[in-house]
Amino acid sequence: MASKNTPRFPDVTVKLSGHDGNTGHIMSRVSQALRSAGYNDVIDEFHLAVFDCESYNDVLRLIMRWVNVK
């Protein structure tokens, strides 16, 4: 179990700064990173979690709970 400050998949890093910041693009970048790391089985779960977010900031917080963000 990851600690409060450790993402669920600490071996996956996604660079978000300097890229398109819309939610769909961010979700795509994280999904691609998860897929590349071999976590195909959690991508649908990740998408559902994003769709449950109520704001852009919620999406960013969710992503930081899932992967390392640069």
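The values are calculated or read from the model by the stated rules, or taken from the named source; none is laboratory data. Note that the structure is predicted; figures quoted are calculated from it, not measured. All Cβ positions, glycine included, derive from the backbone under ideal geometry; neighbour counts span all protein chains shown.
Some observations on this one:
- Residue ID - surrounded by the fewest Cβ atoms within 10 Å (Cβ to Cβ), chosen from residues in the range 58-68 that are free of Cβ contacts under 8 Å to residues at least 60 places away in the same chain and closer than 18 Å to LYS4 by Cβ: ARG61
- The condition of being among the β-branched types (Val, Ile, Thr), more than 15 Å from MET64 (Cα to Cα) and surrounded by 10 or more Cβ atoms within 10 Å (Cβ to Cβ) holds for only one of VAL42, VAL50, VAL30, that being VAL42.
- Hits in the range 1-22 - residues which are modelled with pLDDT under 95 and surrounded by 15 or more Cβ atoms within 10 Å (Cβ to Cβ): LEU16
- Residues of the range 1-27 satisfying the condition of being in contact (Cβ under 8 Å) with a residue 40 or more places away in the chain and over 11 Å from VAL67 (Cα atoms): LEU16, SER17
- Residue list for the range 25-70, filter: part of a loop (DSSP other than H, G, I, E, B), within 18 Å of THR13 (Cβ to Cβ) and out of contact with any Leu (no Cβ under 9 Å at 6 or more places or on another chain): ALA37, GLY38, TYR39
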